Structures are given as C-alpha cells and as structure tokens.
1. Once phi is turned into ³J(HN,Hα) by the Karplus curve 6.51 cos²θ - 1.76 cosθ + 1.60 with θ = phi - 60°, what whole-Hz value does each residue of region 142-152 show in order, with x for glycine and proline?
2. Please compute the length gained on full extension between I115 and L165, using 0.36 nm multiplied by the number of residues separating them and subtracting their Cα-Cα distance.
3. Percent relative contact order of region 14-165, based on C-alpha pairs within less than 8 angstrom and at least six residues apart?
4. Mind ordering 145-155, 44-54 by average Cβ neighbours within 10 Å, highest first?
5. Using θ = phi - 60° and the Karplus curve 6.51 cos²θ - 1.76 cosθ + 1.60, what whole-Hz ³J(HN,Hα) does each residue of region 155-162 get, with Gly and Pro shown as x?
6. In Å³ and rounded to a whole number, note down the convex hull volume per residue for the Cα atoms of region 14-165.
7. Given R₀ = 25 Å, FRET efficiency for N134-V65 by Cβ-Cβ distance, to 0.05?
8. Apply the a/c threshold of 1.5 to the C-alpha gyration tensor of region 104-167 and tell me whether it is rounded, prolate or oblate.
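Laboratory data are not the source of any read-out in this text; all were calculated from the coordinates shown. Keep in mind that what you see is a predicted model, and the values were worked out from it rather than measured. For neighbour counting, all protein chains shown are included, and Cβ atoms are generated from backbone atoms with ideal geometry for every residue, glycine included.
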Amino acid sequence: MEQNKSDRSTLEHRHRIGMRIIKTVVAVFLCGVLGYLREASAFYSMIAAVVCIQNSAGKTIESSVNRMIGTLIGGMVGVLVVYSLDTLGILYIELVRYAVLALMLIPIIEICLAIKKPGCAAMACIVFLCVTVNHSIGDTPAIYSIERLFETLVGVALACGIDILLPYQAPSQPEPKPEPEPERAPEQESAGVPEQPDGVPEDEEPSPKEDGEDGR
C-alpha cells in the first residue's frame, strides 16, 4: 500500500511542470516577440535565454553575469579575428579559417581563467564561433558582430528579468514517517530477565504466605 502511494507521488512529481520550465518558455517567447518587432532573427537571444534560466534566482543571476561577460569576450575576439582574416585574404578559405578558429579557442578560455571567471568560458567560445563561423560574404564584420552581441545580451537580460519577476514555488515537504515502537533492550533479552507482572513494583517481592494458610 505504502509502495503504491510512493510510486504514485513520484509519477505525479515527474509530470508536474516546474517554474524553471515556465520561465524558460516565457523568456524564449519574449525574445521571439522582440525579434519580430525588430524584424530581425531572435535565434541567439532565444539560445541565451534557455542557457541562462536555472533552478533558483541566485543561480540564474550568476549564470546571466557569466553569459554577459562571456558574450563580450567572445564577441570582441570574434570581431578582431574576422577583421584579421579578412585583411589577410583568408576569411573565406574554409579549412584555413576553421583551423584558425579552433586554435583561437585556447586564448579565449585562458582569458576567462585569467579574470577568474571559468563559468563564462563556454559562452565566450559559443559567441566567438557564432560571430566567425556564420559570417558570410557581404557581411560587415563589425555590424554583424554587434548584432550578435546585442541579440545574446537581450536573451540574457530577459532571462534574468523573468527569473526575478516570476517567483519560485516552495518545494513540497514530505510527509513525516511514523516513529517505530521502542524495542526491548538487548541486555535484558540476552540475560533472560522476565518482565514484572502488573501491579507489583520492581523493588518489591510478593510476601510469602503465613504458616497454616496452605492447610485451609
């Protein structure tokens, strides 16, 4: 009976939609609405919103700060690399560009470690690759990079704002388990001490019958 009740509560918990899911959906939708109003792609802002939403407000703020710092580092390095490759005339030589971009991940990660922000290294690498890999012929490197930076920062800001505005639900407390009945001391069981009969104190013994009572 208790096992069936536990399985049923676990199944209900698995099918319950938590606040983290709701906040992620709201943030992604608002990113899409903002991109629609700007007549621009909301892809990068949506990705940033999904990555930033965590299971508590403190973690979301910390994640958002790391994403903002990583976005700035990856975006600035991406702009410099795109301009450098364009100046050298190898921006659109795919294999050479991919080799350079892969090697550039090393200094980007080292920069994040140097400023003691290892949590922003992944975002910095992602933004760097978004700026450099998706760059196509005819795009102005600076304008393209600024747009990607702006989209990512919008997603981070919306995720942080939604997480603060929508409260988290307090986790449900488990039902207290009944306390087990006290067991008999093992010393008494091993010694074979019998239990005292009701109504007779432990420090007293029943008085022997007087002489002559047995014959009555």
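1. Using θ = phi - 60°, the values come out as 5, 5, 4, 5, 5, 5, 5, 4, 5, 4, 5 Hz.
2. Stretched fully, the I115-L165 segment lengthens by 15.0 nm.
3. Across region 14-165, relative contact order equals 39 percent.
4. Highest-to-lowest ranking by the protection proxy: 44-54, 145-155.
5. Ordered by residue, 3J(HN,Hα) equals x, 5, 5, 5, 4, 5, x, 5 Hz.
6. That works out to 122 Å³ per residue.
7. 0.50
8. Details: a/c = 3.17, a/b = 1.21, b/c = 2.62.
Taking the square roots of the gyration eigenvalues as a ≥ b ≥ c, region 104-167 is oblate.
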